[in-house]
Amino acid sequence: MSRKEYFAYGSNLNFEQMAYRCPEATVVGTAKLDGYELAFRRGYLTILPKEGASVEGLIWSVTDHDESQLDCYEGYPTFYD
């Protein structure tokens, strides 16, 4: 089974919601993404490049199935590219 790491912020920091959406996901640890800031676009939380800013989040290990569930939940590719 293929796994990849996923940087999570916003509602994907919620363990109960992630367990429901992505039952095979496991937390790897905390992370900080330098050079980005949180921003609302079209009513959704996203991250955008910004020098000197940072976004704190979690790294999840997710399966291909988890990733497709996240894509559906997040509205990819309609709301994100």
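Going through region 16-35 one residue at a time, which ones are over 14 Å from E67 (Cβ atoms) and either in contact with a His (Cβ under 6 Å, 6 or more places away or on another chain) or surrounded by 11 or more Cβ atoms within 10 Å (Cβ to Cβ) (or both)?
Answer for region 16-35, where residues must be over 14 Å from E67 (Cβ atoms) and either in contact with a His (Cβ under 6 Å, 6 or more places away or on another chain) or surrounded by 11 or more Cβ atoms within 10 Å (Cβ to Cβ) (or both): Q17, A19, Y20, V27, V28, A31, L33, G35.
Given the conditions (1) crowded, with 16+ Cβ neighbours inside 10 Å; (2) at pLDDT below 95, and given that S68 satisfies all but one, which numbered condition is not satisfied?
So S68 meets the others, but not (1).
Please list, ordered by first then second residue, the pairs with beta carbon atoms under 7 Å, 6 or more apart or interchain, first in region 25-51 and over 23 Å from R3 (Cα atoms), second of a type outside the set (D, E) and surrounded by fewer than 10 Cβ atoms within 10 Å (Cβ to Cβ).
Matching pairs, first to second residue: G35/P49; Y36/P49.
The values are calculated or read from the model by the stated rules, or taken from the named source; none is laboratory data. Worth saying up front: this structure is predicted, and the values here are computed from it rather than measured. Every residue, glycine among them, receives a Cβ derived from its backbone with ideal geometry; neighbour counts consider all protein chains shown.
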